[in-house]
Amino acid sequence: MQAQLRIRRYNPEKDQAGYWGEYTLNDVNPNDSVLDLLHRVKWEIDGTLALRRSCAHGVCGSDAFRINGANMLACKTLVNRLGDGDMIKVQVEPILGLKVLKDLIVDMEPFMDHYKSVMPYFINDDPPPENGRERLQSIEDRARFDDTTKCILCAACTSSCPSFWANDKYVGPAAIVNAHRFIFDSRDKAPEKRLAVVGDTFGVWRCRTNFNCTNACPREIEITKAIAEVKNVLYTGEI
Ligand code: SF4
Ligand code: F3S
Ligand code: FES
């Protein structure tokens, strides 16, 4: 099959504004990923195309792009998911809400700053058990935050959120997912610190239950549900 790609291009060293680059690839396999197509453009047609990617297997979270209008990981999106027939049209743009540095590469620093603001690490100054065992936890307690451990920080959620587009001070769904992961961990001793961040002016109340984030997450995390659970803790005072 043939693929016709439109790729958003922008080189700040020579372009006044972004533009669409158009590329045609032949002998495309329906099981090729969009990342395979971007690699072919870069390696066979225009070596200046700039994009982030690393693992190519949906693990590192570095290749979230807006593909045919929806946020997806290029490496996890197969051509046959976008259509069939002898010719397929594929449009690839940078994710929205973050400054474009070059072509498909955005500045992830503001996103990572929001992530860091929720203290996404285990806090417990109590001495560990003397018998050398881990801090034990029941299966039920572990299940409370199992879903939110799966985040790979791809930013597909936050950059699909209209509340974040409207105001990038909003901490965003990815940061709330990572706050949830520790707030609901019975071994952690600092939920109130994280709740102070996500309960603030630019925290969870900016979420309008739009669900774009949940639809975009390549790890299928129930993000809107996690946000609702954090809102409920703030409302009731009970974890
Ligand atoms: Fe990506 Fe999902 Fe994590 Fe958001 S919650 S950063 S979409 S893996
Ligand atoms: Fe945004 Fe997700 Fe809420 S898209 S409005 S954070 S449900
Ligand atoms: Fe690592 Fe796609 S390249 S998630």
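All conditions but one from (1) within 26 Å of residue 9 (Cβ to Cβ); (2) modelled with pLDDT of 95 or more; (3) out of contact with any Phe, Trp or Tyr (no Cβ under 9 Å at 6 or more places or on another chain) apply to residue 83; the one that does not is (2).
Of all residues in the stretch 24-69, those that are free of Cβ contacts under 8 Å to residues at least 12 places away in the same chain and of a type in the set (Lys, Arg) total 1.
Taking the criterion of being within 16 Å of ligand 3 (Cβ to nearest atom) and β-branched (Val, Ile, Thr), the only residue of the stretch 205-230 that qualifies is 221.
Do the conditions hold for residue 148, that is, is it within 23 Å of residue 108 (Cα to Cα) and among the hydroxyl-bearing types (Ser, Thr, Tyr)? Give the derivation first.
Values: within 23 Å of residue 108 (Cα to Cα): yes; among the hydroxyl-bearing types (Ser, Thr, Tyr): yes.
Judged against the criteria, residue 148 is a match.
Please tell me if residue 171 is free of Cβ contacts under 8 Å to residues at least 60 places away in the same chain, in contact with a His (Cβ under 6 Å, 6 or more places away or on another chain) and more than 16 Å from ligand 3 (Cβ to nearest atom). Answer is yes for this residue. Evaluation of residue 228 against the conditions (1) within 10 Å of ligand 2 (Cβ to nearest atom); (2) in a loop (DSSP other than H, G, I, E, B) shows that the sole unmet condition is (2). Can you find a residue in the stretch 199-219 that is touching a residue at least 12 places away in the same chain (Cβ under 8 Å), in contact with a strand residue (DSSP E or B) (Cβ under 8 Å, 6 or more places away or on another chain) and more than 12 Å from ligand 2 (Cβ to nearest atom)? So far as the stretch 199-219 goes, yes, one or more of its residues are touching a residue at least 12 places away in the same chain (Cβ under 8 Å), in contact with a strand residue (DSSP E or B) (Cβ under 8 Å, 6 or more places away or on another chain) and more than 12 Å from ligand 2 (Cβ to nearest atom). Using the structure shown, decide if residue 219 is outside any helix (DSSP H, G or I) and surrounded by fewer than 18 Cβ atoms within 10 Å (Cβ to Cβ). For residue 219, the condition - outside any helix (DSSP H, G or I) and surrounded by fewer than 18 Cβ atoms within 10 Å (Cβ to Cβ) - is not met. Identification of helices (runs of 4 or more DSSP H) wholly contained in the stretch 43-157 with 2 or more residues that are open to solvent by less than 60 Å² (accessible area, probe 1.4 Å) and more than 16 Å from ligand 3 (Cβ to nearest atom) yields 109-117. Considering every residue within the stretch 158-167, establish whether at least one is within 16 Å of ligand 2 (Cβ to nearest atom), over 21 Å from residue 225 (Cβ atoms) and either open to solvent by 60 Å² or more (accessible area, probe 1.4 Å) or small (Gly, Ala, Ser) (or both). Looking for residues that are within 16 Å of ligand 2 (Cβ to nearest atom), over 21 Å from residue 225 (Cβ atoms) and either open to solvent by 60 Å² or more (accessible area, probe 1.4 Å) or small (Gly, Ala, Ser) (or both), one finds at least one in the stretch 158-167, hence yes.
On the stretch given as the stretch 183-205, residues that are more than 20 Å from residue 108 (Cβ to Cβ) and either in contact with a Cys (Cβ under 7 Å, 6 or more places away or on another chain) or open to solvent by 20 Å² or more (accessible area, probe 1.4 Å) (or both) total 12.
The values are calculated or read from the model by the stated rules, or taken from the named source; none is laboratory data. If you're wondering where the values come from, they're calculated on a predicted model, not measured in any experiment. Because the Cβ atoms are built from the backbone with ideal geometry, glycine has one as well, and the counts that use them run over all protein chains shown. These area figures cover heavy atoms from the full protein model, side chains too; ligands, DNA and RNA do not enter into them. Shrake-Rupley method; radii C 1.70, N 1.55, O 1.52, S 1.80 Å.
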